[in-house]
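*Asks:* Let me give you the structure first, and then I'll get to my questions.
Please treat every number below as a calculation from the coordinates, not as lab data. What you are looking at is a predicted structure, and each value in this text was computed from that prediction instead of being measured. Here the Cβ positions follow ideal geometry from the backbone for every residue, glycine too, while neighbour counts run over all protein chains shown.
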Amino acid sequence: MRALIWHCDSFRSEVAEKGRSPLRVEVSNPTIDVGECLVVYSACEKCDEADPSAVVNLAVKEVVKLARQLKVTTVVLHSFAHLFVELASPQTALDMLAKAEEHLRAEELTVFQTPFGWFNRLEIKTKGHPISRVAREIRLD
């Protein structure tokens, strides 16, 4: 899994149109609008399919560590297939994001997830400190 994690003053996402994925979730709320948060742009990779649960556990540890360090209590998960990787199947990615959300909530974080399989209009106001933009490559090896 690859992730870009941005520390934001605010984040707004509004569903715009269907994405290219053959799998998309039903949109119950087309808009997410939050204040200070970590936005996690994630791309699930083909190699993650060997042990998706273990990869999710490692990814969650990274997000929780950064959230605690920055004293942030809200996380937005955003599937972002544009990180130049060989992608996992859409179902695997959807399952991994759902499991990550569950684990992050268990860490007492407030979690939002943009609807999988949709393009979104995004409004992002990021912070400007040394760890306001972090890239992570989460691997089992």
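*Asks:* Between (1) 26.0; (2) 7.9; (3) 9.4, which entry matches mean projected area of the Cα convex hull in nm² as derived from the coordinates of this structure?
*Replies:* After the calculation, the listed value that fits is (2).
*Asks:* Using a basic spin-label model with each label point 7 Å from the Cα along Cα→Cβ, how many nm lie between residue 110 and residue 33?
*Replies:* Modelled inter-label distance: 1.4 nm.
*Asks:* Multiply the residue separation of residue 46 and residue 132 by 0.36 nm, subtract the distance between their alpha-carbon atoms, and state the gained length in nm to one decimal. Show your work: numbers first, answer last.
*Replies:* Working: separation 86, 0.36 × 86 = 30.96 nm, distance 2.79 nm.
Full extension of this stretch gives 28.2 nm more.
*Asks:* Which percent, to the nearest 5, of DSSP beta bridges fully inside the chain are antiparallel? All intermediate terms of the calculation are to be shown ahead of the outcome.
*Replies:* Details: 26 of 35 bridges.
Beta bridges within the chain, antiparallel portion: roughly 75 percent.
*Asks:* With a Förster radius of 35 Å, plug the Cβ-Cβ distance of residue 62 and residue 17 into 1/(1 + (r/R0)^6) and report the FRET value to the nearest 0.05. Present the calculation step by step, with values, prior to reporting the outcome.
*Replies:* Working: r = 31 Å, r/R0 = 0.89.
Efficiency computed from Cβ-Cβ geometry: 0.65.
*Asks:* Where a Cα-Cα gap under 26 Å defines reach, which lysines qualify for residue 65, not counting those fewer than 8 residues away within the same chain?
*Replies:* Here the lysines satisfying the reach criterion relative to residue 65 are 46, 99, 125, 127.
*Asks:* Residues with beta-carbon under 14 Å from that of residue 66, excluding residue 66: net charge, scoring Lys, Arg +1 and Asp, Glu -1?
*Replies:* Working: positive: 61, 65, 68, 71, 127, 133, 136; negative: 36, 62, 107.
Net local charge, residue 66 excluded: +4.
*Asks:* Relative contact order of the chain, please, whole-number percent, based on alpha carbon pairs below 8 angstrom and at least 6 residues apart. Please list the in-between numbers first.
*Replies:* On the way: 279 pairs, mean separation 61.5, N = 141.
Dividing the mean separation by the residue count of the chain yields 44 percent.
*Asks:* May I pose another question? Rank by packing, highest mean first: peptides 22-33, 82-93, with packing defined as the count of other Cβ atoms within 10 Å averaged across residues. Intermediate results must be reported in sequence, preceding the final value.
*Replies:* Working: 22-33: 11.8, 82-93: 15.2.
Final packing ranking: 82-93, 22-33.
*Asks:* About the Cα centre of the stretch 91-134, what is the dipole size in debye to 20, counting +1 per Lys and Arg Cβ and -1 per Asp and Glu Cβ, all else neutral?
*Replies:* Numbers: 6 positive and 6 negative charges, 65 e Å.
My answer is approximately 320 debye.
*Asks:* Sticking with this structure for a sec: Taking 7 Å along the Cα-to-C-beta vector as the label spot, tell me the residue 85-residue 73 distance in nanometres, rounded to one decimal.
*Replies:* Going from the residue 85 label point to the residue 73 one covers 3.0 nm.
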